[in-house]
Amino acid sequence: MDWIAGMWAVFRKDLRVELRTRYALNSLLLFVLGSLLLVLFAVGPQPLTARVQSALLWIVMLFAASIGLGRSFVAEQEQGTVLLLQLNTRPSMVFAGKLLFNLLTVGLLTGLAAGAFLFLLNVEVPAPGLLGLALALGAVGLAGATTLLAALVARAARKGPLLPVLLLPLLIPLLVAGTSATRKALAGLPWIQAQDELLTLIGFAGATISASVVLFDYIWHE
Amino acid sequence: MKWKSILGLIAMAGFAGLLLMNFGSQVSGYMNFEQAADTGSKAHVVGTWVENRPTRYDRSQNVFSFYMKDQTGTVRKVRYPSPKPANFEQAEKVVVEGQMNGEAFAASHILVKCPSKYNDAKGLEKQATQSSSSAPQAGLRTE
């Protein structure tokens, strides 16, 4: 009970800070809408293949996530609130709270990006369930990988470009499986054909989150 | 604390296994003829040359055609708008790049995978024993 209360407190603190500064929210909104409008103007009324559509959607999601999510731990470091958190909470509470907050952010981002993408490009989805599941699993994996790396990067001297650099190679399995599953959903293939991709996405999300649970204590106390 | 690490490691290994088992099939890049027909776009198909089916080069149209058996055992005709690649007969594997066109595969490139003359351990041994027995002793330093 205690643990859940602590996690919830960290989550609510992050949410409140975010709603006051709107750092991640504004940058995500700007990036998603800006890049989608750019795609829209560049492509025009031409119909795109499912392969190109899924690639575009995941490019928008990846870069929006790497811009918006790195903030959480860096802000603690810059404002000097790290010690306070270290004194008052256990590391796992901090991690779970931050993960929850990042999940919310990525969920929002994915919903926004996918919704705007499908609406603006006028894409019809033959398999909406598969698309939703692929994007949801991708979002969990994205949040899991970003949370741990953001905690690592916050300790480094030059924080700005470090997170995307570290994140990209780690995310290759997620991106390959995610784009492939999205392509299959947009092409209207049956679920069974996307089984490999979905299992890969589950494996990626589970592996990054359980690795974070093991490793976070060491990162946090160092 | 300790239990958390152990459980975490077990979960990590399990999920990583799941990831690795299912990821391999997506990155290999090679397809069989059936998948190539499904995608309808460019594909790499790996297989072997079927020697006992007609293999010919049409000089007037500049089309080389042969039959190829992919990894699942499906045999399809391959048409290639160029002369026969060098070393085609020695190939242990053929990779064709192109797309399915009806029942035949229209290849734009053919990669011929020949057995390497440098990695053949048995052949090397044989050569080495031959050359050492026949090599003149004087003036040869072998290091």
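Structural remarks
- In sequence order, segment A:4-16 has phi-based couplings of 5, 4, x, 4, 5, 5, 4, 4, 5, 4, 4, 5, 5 Hz under the Karplus curve 6.51 cos²θ - 1.76 cosθ + 1.60, θ = phi - 60°, and Gly or Pro positions carry x.
- Checking every one of the trypsin sites (Lys or Arg not before Pro) in segment A:91-158 against DSSP loop status and a limit of 14 other Cβ atoms within 10 Å picks out A:Arg155, A:Arg158.
- Cα Rg, Dmax (largest Cα-Cα span) when computed across the protein assembly as shown, Å: 27.6, 89
- Backbone amide hydrogens, once placed in the peptide plane, bring B:Asn32 within less than 5 Å of nothing, excluding anything fewer than 5 places away on its chain.
- Structure-based [θ]222 nm, chain A - -39500 (n - 2.57) summed over DSSP H runs of at least 4, per residue, nearest 500: -28000 deg cm²/dmol
- Cβ neighbours within 10 Å from other chains - mean over A:171-183: 2
- Residue order for B:Met31, A:Met61, fewest other beta carbons within 10 angstrom first, comes to B:Met31, A:Met61.
- Scalar couplings 3J(HN,Hα) for segment A:209-219, obtained by applying the Karplus form with A = 6.51, B = -1.76, C = 1.60 to θ = phi - 60°, are 5, 6, 5, 5, 4, 6, 8, 5, 3, 5, 5 Hz; x denotes Gly and Pro.
- Estimated vicinal HN-Hα couplings, Hz - segment A:166-175 in sequence order (Karplus 6.51, -1.76, 1.60; Gly, Pro = x): 6, 6, 4, x, 5, 8, 4, x, 4, 5
- Base-10 log of normalised Debye intensity for segment B:28-113 (one unit scatterer per alpha-carbon) at q = 0.15, 0.20, 0.26 Å⁻¹: -0.46, -0.85, -1.45
- With each label modelled as a point 7 angstrom along the Cα→C-beta vector, the B:Met21-B:Asp58 pair spans 4.8 nm.
- Shielding score for A:192-204, defined as the mean number of other chain Cβ atoms within 10 Å: 4
- Averaged over peptide A:207-213, the number of partner chain Cβ atoms lying within 10 Å of each residue's Cβ comes to 6.
- Neighbours of B:Val94 by Cβ distance under 15 Å: Lys/Arg scored +1, Asp/Glu scored -1, total +3.
- Averaged over residues, the count of other Cβ atoms within 10 Å places the peptides B:67-76, A:176-185 in the sequence A:176-185, B:67-76, highest first.
Every number here is computed from the coordinates shown, using simple stated rules; none is lab data. Remember, it's a predicted structure, so these values are computed and weren't measured experimentally. Methodologically, a virtual Cβ is constructed for each residue, glycine included, from the backbone with ideal geometry; neighbour enumeration extends over all protein chains shown.
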